[in-house]
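Q: Take this structure first; my questions come after.
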Amino acid sequence: MNISSLRNWGEIVEAMAEKRVKLFGMWCSPFALRAEWALKLKGVEYEYVEEDLFHKKSEELLRYNPVTKKVPVLVHDGKPIAESLVIIEYVDEVWKDGYPILPKDPYERAQARFWAKFAEDKINPATFAVYSTTGEQQQKALQDAQEVFKTLEEALKGKKFFGGETIGFVDIAAGWLPCWVRIIEEIVGINIVNENNLPLINAWFDDFMELELVKGSLPPKDKLYAFSKARREKFLA
Ligand SMILES: N[C@@H](CCC(=O)N[C@@H](CS)C(=O)NCC(=O)O)C(=O)O
């Protein structure tokens, strides 16, 4: 084999590597988990790259996502896609013959996007408010959080998962809540979701956490608990 063929071989290997799927994430990022769940549901093989967001973001991450500089970033055929909900839709469209994430029917698709957006815009800040406050402010935040969960419960009526009998777009979008909310409850010593006040959401928390896909991908509970507790103390300081 001469040098020029070696160079060609190197180029081929590099080109094949580019073809592969790469996911930039961080161990405690609920947004990165969404992208992982979407890829795993589709059975897509990917390389996971752990980012050290608290010390130094990698050159690659900054190159692939110069706009927000956040994870997750999916790189497919060398092309980067940022924003977790956009990534889920992209994965669903590209690997369209695999597990269906969004419904086929346009109206149902619109509904799924609506509830995913509702969870993103309303539930995320409401649970964060319970986590990052104390006293009266926290009591108010608790009421608000329970109210928005009550509204989200509408989308679960008559169904096991938001997607129906199996998980779909809204389950993936909101799927970090069952794990994170239980940890927040433990840290702040307040119950947000239970079988009396939010029976459908409560059952969904349990059912979602029971899925092999989810059990096998969540961060270690003790590590997440310690990290989240320290983060709350920082906020309060
Ligand atoms: N809306 C974004 C949020 C992503 C996000 O906030 N990622 C965090 C990690 S959980 C991050 O990369 N933070 C780094 C930074 O803010 O510089 C998404 O859904 O992808």
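The values are calculated or read from the model by the stated rules, or taken from the named source; none is laboratory data. None of these values were measured; they are calculated from a predicted model. Note that we place each Cβ from the backbone using ideal geometry, even for glycine, and neighbour counts take in every protein chain shown. Note: areas computed on protein heavy atoms with side chains; ligands, DNA, RNA excluded. Shrake-Rupley method; radii C 1.70, N 1.55, O 1.52, S 1.80 Å.
Q: Could you list all residues from region 43-62 that are within 23 Å of Lys221 (Cβ to Cβ) and within 13 Å of the ligand (Cβ to nearest atom)?
A: Glu50, Glu51, Asp52, Leu53, Phe54
Q: Do the conditions hold for Lys69, that is, is it within 12 Å of the ligand (Cβ to nearest atom), touching a Lys or Arg at 6+ places or on another chain (Cβ under 8 Å) and among the charged types (D, E, K, R)?
A: yes
Q: Can you tell which of Lys40, Lys22 is at pLDDT 95 or above, under 13 Å from the mean Cα position of the chain (by Cα) and away from the ligand (no atom under 12 Å from the Cβ)?
A: Lys40
Here's the yes/no breakdown for (1) within 21 Å of Ala203 (Cβ to Cβ); (2) hydroxyl-bearing (Ser, Thr, Tyr); (3) outside any helix (DSSP H, G or I):
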position: Phe128; (1), (2), (3): no, no, no
position: Ala141; (1), (2), (3): no, no, no
position: Asp144; (1), (2), (3): no, no, no
position: Phe149; (1), (2), (3): yes, no, no
position: Glu153; (1), (2), (3): yes, no, no
position: Gly158; (1), (2), (3): yes, no, yes
position: Val170; (1), (2), (3): yes, no, no
position: Ala173; (1), (2), (3): yes, no, no
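Q: Return the only residue of Leu102, Leu85 being touching a residue at least 60 places away in the same chain (Cβ under 8 Å) and within 14 Å of the ligand (Cβ to nearest atom).
A: Leu85
Q: Name the single residue, out of those in region 51-64 being open to solvent by less than 40 Å² (accessible area, probe 1.4 Å) and free of Cβ contacts under 8 Å to residues at least 40 places away in the same chain, that is nearest to Phe227 (Cα to Cα).
A: Filtering region 51-64 for residues that are open to solvent by less than 40 Å² (accessible area, probe 1.4 Å) and free of Cβ contacts under 8 Å to residues at least 40 places away in the same chain, the one nearest to Phe227 (Cα to Cα) comes out as Glu51.
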